[in-house]
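J.: First the structure, then my questions, so here it is.
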Amino acid sequence: MFKLNLKIAWRNLWKNKGYTFINILGLSIGMASCILIFIFIRYQMSFDEGFKNENRIYRVVSSWAYNDGNQFFSQGVPLPLTPAMRNDFSPYIEKISAIENSVGLIKINNVAGKEQLKAIENVFYVEPDFFEIFNYNWLSGNYASLKNPNSVVLSKEMAEKFFGNWKNALGKNINYEGNLNYTVTGIIDDVAENNSVPLKIMLSYKSFKDRNLEKWGSVGSNSESYFKLKPNVNIETLNGPLKSFLKKYYTEKAPGKEGHIFQPLSDIHYNDKFGNFSGRIMPIKQLYGLGVIGFFLIITASINFINLATAQAISRSKEVGVRKVMGSQRSQLVTQFLTETLTIVLISVLIGSVLTEIALPGMQSLFDAKISFSIFQHPIILVFMLLLVVFVSLLAGFYPAIVMSGFNPALAIKNKISANTGGLGLRKILVVVQFTITVTLIIGTLVILQQMKYIREQPLGFNPTAIAMVDLLNDSLKTQRFATFKTQLKQVPGIKEVSFCRTAPSSQNNNGSTFSYNGGKDADFQVNTKNADEDYLKTFDLKLVAGRNLVKSDTTNEYMVNETLLKKLNIRNPNEAIGKMISMGDMKAPIVGVIQDFKNKSLHETIDPILIGSLKPRYFYAAIKLNSKQITGTMKVVEEIWQNTFPESVYNQSFLDDQINAYYQGEKIMGTLFKVFAGVIIFISFIGLFGLISFVATQRTKEVAIRKVLGASTIELVKMLNGSFLVMVFIANLVAWPLAYLFVSKWLNGFAYRIEISIWPFALAMLISMAITLITVSIRSYKAAVANTIDALKYE
Amino acid sequence: MIELKNIEKYYSSKGIKHYVLRHVTTTIKQGEFVSIMGPSGSGKSTLLNILGMLEEPTYGTFEFLGEDVTSLNERKRIELYRNHIGFVFQAYHLIDEMTVYENIEAPLLYKKVGSSERASRIANLLDKFNIVAKKDLFPNQLSGGQQQLVGIARALATQPSIILADEPTGNLQSAQAEEIMQLFQKLNKEEGITIIQVTHSEKNATYGNRILNIQDGVIKEDSPTQAPQMGGVV
């Protein structure tokens, strides 16, 4: 029976090639999108999984609550926290380990002692307990050696990079940052990419030296701490001890109230309040958003199917009637129709898989992630595809099957089933639902694109174009070469300005400090301190509103501030601040200039109060303003000069433009996704519409012919056929507007600098949807209207 | 075999009853060949639909094989379709997507007849109706008469005891029509299959042995066929 059903299904599909094509086209594109979304979500959900007892692993993170209601979070902890917790939380915690991220120059010497390889690498100082918390696959050696200073554990990849074959690496030496040699004492298997701690080079924590090792008041995002709970301990029970812990160690008065949070390992990849070492974060909300879009896509494609199937139902009423009087049960007919749906869905999923494979490289480069569509590697993908097939078959096939199998045989045999059976009302509702989704997505896309454009055109308060940021080395030996380096650079013809600074005006790297103004008590907010030389203003095209530029100096003798700082201190007239003293710790200097506000972070955030002073040992970058016509050539010369100045290290450069664009990577991805998926949904909806109008036109062929005989013009006929569709799409617009408004206003609230929602995206979406409807529908109804009258009337 | 008592069928709209059938009482015995005649709108098709359990009478009782089937649940009705009743339609109503062979096979599949039994029955029918060569053709590749032959073969496949035919020759040319009627007569005489047909044609009615004449929903006349059948049996 099933085989026969399948055969009949195949013949039926072949007979109605046009509708079958529309169905398969819509479903396969919809399913491909769904599969892509699923494999992306699967990849994201696989982060930090697979460790033994992973439910007991936590990260300690920090928070500060300020009097003005602001809260600030960091992924890092004060350096003394880990040993203190190891001691104070011992009843609850099995193991705790500090891990410190650092970047530096690695050098490998060959047997003869000659330099063989040098590279800038990301390294981690870890305690041996770290490997008691996370179980990695050890290829050779062990972590016990990390108890001693000057040991290093390498990943297989690094060991092969440094020594050719990892089997030869044990016992060899590497040099880190010039002054220390480390002996390789262990090799671990490469850590998978979907890991928030991308371990490659692990140095003994004992070798980590920092002036803040004992300081509770300093937190850097490079210093993290992980622990593993004892079995059967509830994380809630740590709250009490945490309170007394905070009281015990945070004794100094600070503007923000310190706190710590125990973040579960499974939360690290999704929580955008905190960063992580891999720099990969996927807010769970975005995953939900993607899931919802996927769901909508499949709904839209299924609606096409339902509409075309119920519309076609009349032509199959005779078959239903005959089968019923031959003794077919209703359930057997339902099975038969579902078999047909299943056939279509199976074909679609196969084509969808091919489309997925085609679209995968684009998706990988968009998300910069190694997403895999291998059902052997991840059988869950196959399970998902099967579920998708079952879900779509039932969703799309069940209702038409019920309608068709429910025909009264007496009426069906006499062809008295009218065109309205099979739920014309429902079909209209479904079209409205479909276009509501479509229009909402169009509006969403338009608003996102508008906001992105707004951000791109937002005045930053400085000029970031054609500025290269070249890394500087700032140990005392190398800062001595700064002056010569700068002079040499300034002689290069393609270079307009050079400034040595800690960061560019806009940077992800910010440094907050407590301060007091004009001898008063400490301000209740922190100031963002930047260090820069006297060429900073010229290089970045920053404007002074009062006072003067800094005078050339290697130490902090004077400060420039921004307008926001004065606003926060309630100073109306910038001139009033000139000459007033700023104290920060043991440093004290007068304000000499006030700079017009500039955007110092992404436009999600408001402008910080900023303080700029000269301090040579804190110059991490040479900002080089280039003649934009000869960038490539000039940068080659810059690299050459750099290599001659700092021959012992590795050159690294980036462009400020790129850095600023990177802030909006998330939005860019979202914009692209919306554009693509809106396009897909529009396409699916409109081929569905085309199918439906084709059907209506066929159904009404006779009516059209009679009307023509009665004297109706072609335009009148086209209007008649189009009317109901335009009304449906119009209603869909009305439903979509409030939905879209809610969605876009919520999204825009995430930006400190945002467009106001105007009527235009809404009006434009209506215009687009109505126009495409009109075109789609008219093509078909025109054909029906000019068809030969005699042919239509001849049939009876 | 069939007993109708006081069958009434009406549709009410705005409180007014429009009668289609009134006080229809009759008995049809096993082996009869009955022709229901009457002008358009007289209710003959409705009567056939009631006999085929496609419609329910508003009033009255209908016994089929001694069992009251006036209102029957779907399962029971399907049982009767599978075992006792074969339908033949004016417009043949073959399933367009199925070949001749598959069309005849379909009711056997619903009846869950084993595959070897199925094959032999179909082979028999194809042979009997001289359509073996056409078994792999689709309905639209056949002439009207051939389609109706397939329709009858399909109705006979489950070996029913009664065939209900609604204007079986209505769409056919006279030569083909004659062929079909002779086939009916042969089935009735040789295999004892009860046949009830609705027809407009006096000539067709003469093939049977009883005529029910219906006018305005009432049986006006119930008579044996006038002249004995002339034409030879095929």
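J.: Please work out which residue is nearest to residue B:86 (Cα to Cα), limiting yourself to the stretch B:104-143 and to residues that are in a helix (DSSP H, G or I), within 11 Å of chain A (Cβ to nearest Cβ) and of a type outside the set (Gly, Ala, Ser).
T.: Within the stretch B:104-143, the match that is nearest to residue B:86 (Cα to Cα) is B:107.
J.: Continuing with the same structure: Just to be sure I understand the filter: pairs with C-beta atoms under 7 Å, separated by 6 or more residues or on different chains, first member in the stretch A:494-520 and open to solvent by 40 Å² or more (accessible area, probe 1.4 Å), second member among the small types (Gly, Ala, Ser). Which pairs pass?
T.: A:502/A:532; A:514/A:254; A:517/A:523
J.: Show me the helices (runs of 4 or more DSSP H) found entirely inside the stretch A:422-508 where at least 2 residues are more than 26 Å from residue A:653 (Cβ to Cβ).
T.: Passing ranges, in order: A:424-457.
J.: Could I ask something else about it? Keeping to the stretch A:249-269, report how many residues are touching a residue at least 24 places away in the same chain (Cβ under 8 Å), within 12 Å of residue A:47 (Cβ to Cβ) and open to solvent by 30 Å² or more (accessible area, probe 1.4 Å).
T.: So the answer is 1.
J.: Given the residues A:715, A:706, A:759, which is the only one that is modelled with pLDDT under 80 and aliphatic (A, V, I, L, M)?
T.: A:706
J.: Then there's this: Can you report the number of residues in the stretch A:573-610 which are in a loop (DSSP other than H, G, I, E, B), over 30 Å from residue A:662 (Cβ atoms) and at pLDDT below 90?
T.: 2
J.: Still on this structure, please answer the following. Looking only at the stretch A:421-463, filter to residues that are open to solvent by 20 Å² or more (accessible area, probe 1.4 Å), aliphatic (A, V, I, L, M) and modelled with pLDDT under 85; which one of those is farthest from residue A:679 (Cα to Cα)?
T.: A:424
J.: Which one of A:195, A:168 is closer than 30 Å to residue A:43 by Cα and in the same structural domain as residue A:105 (by TED's automatic domain parsing)?
T.: A:195
J.: Output the residue which, of all residues in the stretch B:67-92 that are of a type in the set (Phe, Trp, Tyr) and at negative phi, is farthest from the other protein chains (Cβ to nearest Cβ).
T.: That would be B:89.
J.: How many residues are open to solvent by 60 Å² or more (accessible area, probe 1.4 Å) and either closer than 21 Å to residue A:257 by Cα or in a loop (DSSP other than H, G, I, E, B) (or both) if we restrict to the stretch A:194-209?
T.: Qualifying residue count, the stretch A:194-209: 2.
J.: Out of (1) modelled with pLDDT under 90; (2) assigned to a helix (DSSP H, G or I); (3) facing chain A (nearest Cβ under 9 Å), the odd one out for residue B:95 is which?
T.: (2)
J.: Which residues, counting only those in the stretch A:3-12, are hydrophobic (A, V, I, L, M, F, W, C) and open to solvent by 20 Å² or more (accessible area, probe 1.4 Å)?
T.: Once the filter is applied, which keeps residues that are hydrophobic (A, V, I, L, M, F, W, C) and open to solvent by 20 Å² or more (accessible area, probe 1.4 Å), the stretch A:3-12 yields A:4, A:6, A:10.
J.: Something else now. Filter the stretch A:18-56 down to the residues that are charged (D, E, K, R) and more than 30 Å from residue A:360 (Cβ to Cβ), then identify the one that is surrounded by the fewest Cβ atoms within 10 Å (Cβ to Cβ).
T.: For the stretch A:18-56, the residue satisfying everything is A:52.
J.: Hey, another quick one. Please specify each residue of the stretch A:271-288 satisfying the condition of being in contact (Cβ under 8 Å) with a residue 40 or more places away in the chain and part of a loop (DSSP other than H, G, I, E, B).
T.: Selection gives A:273, A:274, A:275, A:276, A:277, A:278, A:280, A:282.
J.: Taking into account only those residues within the stretch B:52-66 that are modelled with pLDDT under 90 and at positive phi, which is nearest to the other protein chains (Cβ to nearest Cβ)?
T.: B:53
J.: Only one residue in B:40, B:45 is hydroxyl-bearing (Ser, Thr, Tyr), open to solvent by 10 Å² or more (accessible area, probe 1.4 Å) and at the interface with another protein chain (Cβ under 9 Å from one of its Cβ atoms), so which one is that?
T.: B:45
J.: Can you tell me which of A:338, A:308 is modelled with pLDDT of 85 or more and away from chain B (no Cβ under 14 Å)?
T.: A:338
J.: A further question follows. Please count how many residues of the stretch A:652-696 are buried (at least 22 other Cβ atoms within 10 Å of the Cβ) and in contact with a strand residue (DSSP E or B) (Cβ under 8 Å, 6 or more places away or on another chain).
T.: Qualifying residue count, the stretch A:652-696: 1.
J.: Looking at the stretch A:3-29 only, could you name the residues that are within 14 Å of chain B (Cβ to nearest Cβ) and not charged (D, E, K, R)?
T.: Answer for the stretch A:3-29, where residues must be within 14 Å of chain B (Cβ to nearest Cβ) and not charged (D, E, K, R): A:4, A:5, A:6, A:8, A:9, A:10, A:12, A:13, A:14, A:16, A:20.
J.: Considering only residues that are of a type in the set (Ser, Thr, Tyr) and assigned to a helix (DSSP H, G or I), look in the stretch A:697-720 and name the one that is surrounded by the most Cβ atoms within 10 Å (Cβ to Cβ).
T.: Only one residue tops the list, namely A:701.
J.: Checking residue A:565 against (1) within 21 Å of residue A:510 (Cβ to Cβ); (2) open to solvent by 10 Å² or more (accessible area, probe 1.4 Å); (3) not in a strand (DSSP E or B), which single condition isn't satisfied?
T.: Answer for residue A:565: the failing condition is (2).
J.: Would you mind listing the strands (runs of 3 or more DSSP E) fully within the stretch B:14-69 where at least 1 residues are of a type in the set (S, T, N, Q) and over 17 Å from residue B:87 (Cα atoms)?
T.: Those strands (runs of 3 or more DSSP E) span B:16-28, B:59-64.
J.: Based on this model, can you work out whether residue A:541 counts as acidic (Asp, Glu) and modelled with pLDDT of 90 or more?
T.: yes
J.: Just checking, does the stretch B:94-104 include any residue being out of contact with any helix residue (DSSP H, G or I) (no Cβ under 7 Å at 6 or more places or on another chain), open to solvent by 20 Å² or more (accessible area, probe 1.4 Å) and either under 23 Å from residue A:336 (Cβ atoms) or not small (Gly, Ala, Ser) (or both)?
T.: Checked against the condition, which is being out of contact with any helix residue (DSSP H, G or I) (no Cβ under 7 Å at 6 or more places or on another chain), open to solvent by 20 Å² or more (accessible area, probe 1.4 Å) and either under 23 Å from residue A:336 (Cβ atoms) or not small (Gly, Ala, Ser) (or both), the stretch B:94-104 yields no hits at all.
The values are calculated or read from the model by the stated rules, or taken from the named source; none is laboratory data. Predicted, not measured: the structure shown is a model, and the values here were computed from it. Every residue, glycine as well, gets a Cβ built from its backbone with ideal geometry; the counts of neighbours run over all protein chains shown. For accessibility, only protein heavy atoms count, side chains too; no ligands or nucleic acids. Shrake-Rupley method; radii C 1.70, N 1.55, O 1.52, S 1.80 Å.
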